[in-house]
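The structure under discussion appears below in the form of C-alpha cells.
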Amino acid sequence: MATAARVTSLLLSPPAAPPLVRLKRTRPFAHISTKTRLIASASAASMASTASKPKIIDSHLHVWASPQEAADKYPYFPGQEPTLPGDVDFLLQCMEEAGVDGALIVQPINHKFDHSLVTSVLKKYPSKFVGCCLANPAEDGSGIKQLENLILKDNYRAVRFNPYLWPSGQQMTNEVGKAMFSKAGELGVPVGFMCMKGLSLHISEIEELCMEFPSTAVLLDHLAFCKPPINDEEKLAFSALLQLSRFPQVYVKFSALFRLSRMPFPYEDLSHLLSQVVSSFGANRVMWGSDFPFVVPECGYKGAKEAVSLIVNGVPLSSSELESIMGRTALQLFRNQWLS
C-alpha cells in the first residue's frame with residue numbers, strides 16, 4: 001500500500017522546473033563598427049534631405065548642335081544658323097552651376113522640323129530632359145502623323161504651335177491646326193503657343209481651340225509676350241491673358257523674363273504682372289523658364305533662376321507658391337517625368 005501511495009504521489013506532483021540557463025546579453029548589430037554606422041546614418045540623412053528638397057524645373061529652353069555636330073550629323077536649317085552656343089554640354093554645365101534639376105527642351109527653329117538632335121539628347125538623358133516638339137502645319141497634313149510619331153515613338157511630351165509657320169493667310173484654327181491640337185489632347189500632351197508678335201493677334205484662335213477641345217492642355221510661352229503695359233493696347237492684351245484663366249486647361253510660363261521686362265536684371269518691373277497672373281491662374285498653373293541659351297548673354301543662366309526670387313520679393317507669394325512656380329507645377333503637369 002505504501003508503495004502504491006508513493007507512486008500516486010509522484011504522478012500527481014508537478015514536474016521539477018528545469019535548471020535556469022543564463023543567456024549572455026548582446027547588442028544588436030554589435031559586429032558593425034561605429035565608423036560604419038556613422039557613415040550609414042549620414043548617408044540616410046543625406047538621402048532624406050535630397051528627397052525632401054523641392055526640384056527646380058526649367059519649363060522652357062532650347063538646345064542645338066555645336067558647329068562640329070552640325071557638320072557631322074545634325075545640320076542646321078538653311079538660314080537658321082545660331083549665333084550663340086547652345087549645345088547640351090554647355091547647358092548641363094549651366095544647370096549644374098545654377099542648381100536646376102531638369103528641363104523641358106523646346107525644339108529650336110535652328111533645326112526646324114528635324115528633331116534628330118533633340119531626340120538624341122532626350123535618349124541620352126531621359127531623367128534630365130523632357131521634349132517639346134515643333135508642330136509642322138504643312139497643308140498636306142503630314143505634320144499630324146509626324147506629331148504622333150514624335151510622341152509615341154520618341155517620347156516627346158509637349159508640342160509647340162508657332163503661328164508664323166502656318167501657310168500664308170491661314171490660322172492655327174484651320175483644319176490641320178485643329179487636327180493637331182485635338183491629337184495632342186488625345187495623346188495627353190500640352191500645346192504651347194508662341195505669340196511673339198503679340199497675344200492680340202492670336203487670342204481668338206487660342207480661345208476657339210480651348211473651347212472646342214477642352215481636354216487639350218495649353219502652355220502660354222513667355223507670359224504670351226505681355227510686357228508691363230504702358231498703353232491701352234498693351235493693357236488690353238494683358239487683360240486678355242488674365243481672362244484665359246477661365247479655361248482650366250491653360251498654364252502660363254513665367255519665362256524669358258529679359259524679353260518681357262523694360263528694366264535690366266533682375267527685372268523687378270515684372271513683380272506686379274506675376275502677382276496678377278498668380279491671382280488669376282493660381283501658382284499651380286504658373287511655371288518658370290529660362291529661355292536658354294538666349295538668356296545667357298542677358299543675365300546668365302544662373303541669373304535667370306535667381307531673378308524669380310528677387311522679383312517675388314515684391315509679390316505677396318508664399319514659399320509653397322514659389323516652389324510651384326520653380327518646379328512643382330511642371331512636375332505635376334508632366335506627371336513627374338523628372339522623378340523617374
For this session: On a C-alpha basis, how far is the centre of the stretch 125-156 from the centre of the stretch 307-340 in Å? Whole number, if you could?
Result: 26 Å
For this session: Determine Rg/Rh for the stretch 225-273; Rg is computed over alpha-carbon atoms and Rh is the Kirkwood hydrodynamic estimate from the same atoms.
Result: 0.98
Problem set entry | In nm, spacing of pseudo-spin labels at E234 and T83 (7 Å Cα→C-beta vector) | 2.4 nm
Problem set entry | Under 13 Å, Cβ to Cβ, from T329 - net charge with Lys/Arg +1 and Asp/Glu -1 | +2
Exercise. Looking at the stretch 291-339, what % of the alpha carbon pairs are farther apart than 17 Å?
Worked result: 48 percent
Seminar exercise, completed: The value for the stretch 58-333 (convex hull of the alpha-carbon atoms, volume per residue, Å³) is 126 Å³
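Taken together, the values in this text are just the output of simple stated rules run on the coordinates, not laboratory data. Since this is a predicted model, take the numbers as computed values, not measurements. Note that each Cβ is placed from the backbone with ideal geometry, even for glycine, and that neighbours are counted across all protein chains shown.
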